[in-house]
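Just below is one structure, and these are the notes that go with it.
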Amino acid sequence: MAIPIILNTSGCDVCAEMQFEECQSLTIGVGMDLEVSTDYKWSITDKFNNVYFGTSTTDTDKIFLIEAEQLPEGLLTTFAGNFTLRIYKASNDSLVSWISNTKTYSCISFSIYHGETAEVTP
């Protein structure tokens, strides 16, 4: 389950900040108004600037999953630091942005937490 945290501004991007539970798929699209049954490309950048790419298709609820199996084994751990996720429409490679609470976001900055010990500060 993803937990929205706060707003982060890095360079020109405004990233929504989230935490995902360790050993779970990353659920993407909640509140983003993605299109139903649409292919999206994504990139995840780790703290060492390594970039990982993949594709996913939204379901009827306009969300998609990034499965741990789509990434190198052991990447998504509580010790991995922060990641940046960007989403692109597969049909034209355009960066997806969305509006939430009057802010326009173009990325998600996220970290991984251990489910039983996570603390969220608003």
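Annotation: of all residues in the range 65-122 being among the polar types (S, T, N, Q), closer than 18 Å to Val51 by Cα and over 12 Å from the mean Cα position of the chain (by Cα), the one that is modelled with the highest pLDDT is Ser94. Would you please list the contacts, defined by Cβ atoms under 9 Å and residues six or more apart or on different chains, that run from a residue in the range 24-39 that is at positive phi to a residue that is among the hydroxyl-bearing types (Ser, Thr, Tyr) and loosely packed, with under 14 Cβ neighbours inside 10 Å? Filtered contacts from the range 24-39: Gly31/Ser100; Ser37/Thr57; Ser37/Thr60.
Any residue at all in the range 1-20 that's at pLDDT below 80 and under 12 Å from Ile63 (Cβ atoms)?
At the first step, the residues of the range 1-20 found to be at pLDDT below 80 are 1-13.
If we keep only those that are under 12 Å from Ile63 (Cβ atoms) too, we end up with 2.
Looking through the range 1-20, at least one residue is at pLDDT below 80 and under 12 Å from Ile63 (Cβ atoms).
Of note, Thr38 does not satisfy the criterion of being touching a Leu at 6+ places or on another chain (Cβ under 8 Å) and modelled with pLDDT of 90 or more. Residues that are in contact with a Phe, Trp or Tyr (Cβ under 8 Å, 6 or more places away or on another chain) and without any contact (Cβ under 8 Å) to a residue 24 or more places away in the chain were ranked within the range 43-69; the one that is farthest from Ser111 (Cα to Cα) is Thr57.
The values are calculated or read from the model by the stated rules, or taken from the named source; none is laboratory data. Note that the coordinates shown come from a computational prediction; the quantities given were computed from them, not determined experimentally. All Cβ positions, even for glycine, are placed from backbone atoms using ideal geometry, and neighbour counts span all protein chains on display.
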